[in-house]
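Some notes on the structure that comes next.
Any read-out appearing in this document is the output of simple, stated calculations on the displayed coordinates, not a laboratory observation. Note that the structure is predicted; figures quoted are calculated from it, not measured. Heads up, the Cβs are rebuilt from the backbone with ideal geometry, glycines too, and the neighbour counts pull from every protein chain shown.
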Amino acid sequence: MSTPTRLPRSYLFVPGDRPERFAKALASGADAVVLDLEDAVAPSAKAAARAAVAQALQSGDPRWVLRLNDAASPEFALDLALLQAVPAPALMLPKAEDTSVLVRLHAALPRAALLPLVESARGVLAAGGLAAAPGVQRLVFGTLDYALDLGLEGPLAGSLGLDLPAALLALASRAAGIAAPVAGVTPALDDEAQLRADFDRARALGYTAKLCIHPRQVAPVHALLQPSAEERAWAQLVVEAADAQGLPGAVQVAGRMVDRPVIERARRLLARAAP
């Protein structure tokens, strides 16, 4: 499987029928670029989008992710035919609810990392099976479609109404032993404060990546995942103390006892800070 060593922190969408944007998306700094054949492409433009995407995939860039049309769509079979000719490193399956679809997809394209996009109540309740399906790298939370499916309304719909399903996806991911899930989009393109608030909330629930719909959202997402200088200094102190003792148990750091979970958290923090 041709994928980056470190999993993406950002997934930037670009419409599959806008090939003039593909190079700009790759140059944006996003860790992954999602070539979208689904919602961003009108039915009349699907064929042209597939042709443009096929040409892009021929570059072999490991950052490409292809969002397919959903399995209930007549376009799905045409998308699979494209992938038999030109493979993609990773596939995002929208409206993921049925584990058997992922099993079929993995059997047809075993080298592709699968990213089930959970967008409904049925998808959330099936998250355990989706996360454990063969070939699945991580789950993705489609927050806008989920909110529509549930009829979430009011000022707290974008936070309180999404917390439970978001947490269930994170729990399912951890239980299945796959990577932490990807948080949904922030529609407000010019509101960095909202972007940060959305991702801070997702990070508190265990998410380590986010969908982006504009290049200007990429840098703030990456910045939020970087530990502060104070956090790095604390983690370095903890790790050095643990390594000096050479034991897996508790160590004393700045007059306080630090045990194994805290040492492991410090190691993970330093790993995130690595370039």
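Tabulated data for the structure shown
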| read-out | value |
| --- | --- |
| Cβ-based net charge around L26, under 12 Å, with every Lys or Arg adding one and every Asp or Glu removing one | +1 |
| DSSP bridge pairs, the chain: antiparallel proportion in percent, nearest 5 | 10 |
| Neighbourhood charge, 14 Å Cβ-Cβ cut-off, centred on R201 and excluding it, Lys, Arg +1 and Asp, Glu -1 | 0 |
| Computed magnitude of the charge dipole of the chain (debye, nearest 20; Cβ of K, R +1, Cβ of D, E -1) | 760 |
| Residues with amide H under 5 Å from that of Y207, placed H, sequence gap 5 or more | none |
| Distance (nanometres) between label positions extended 7 Å along Cα→Cβ at E230 and A157 | 3.7 |
| Neighbourhood net charge (12 Å Cβ-Cβ; Lys/Arg +1, Asp/Glu -1) for D191 | -1 |
| The range 10-225: C-alpha pair distances exceeding 25 Å, % | 34 |
| Proximal lysines to K95, defined as alpha-carbon separation beneath 26 angstrom and excluding residues fewer than eight positions away on the same chain | K46, K210 |
| Given 15 as the ceiling on other Cβ atoms within 10 Å, longest exposed-site-free region of the chain for trypsin sites (Lys or Arg not before Pro) in DSSP loops | 112-275 |
| ³J(HN,Hα), Karplus 6.51/-1.76/1.60, whole Hz, each residue of the range 95-110, x for Gly, Pro | 6, 5, 9, 10, 4, 4, 5, 5, 4, 5, 5, 5, 5, 6, 9, x |
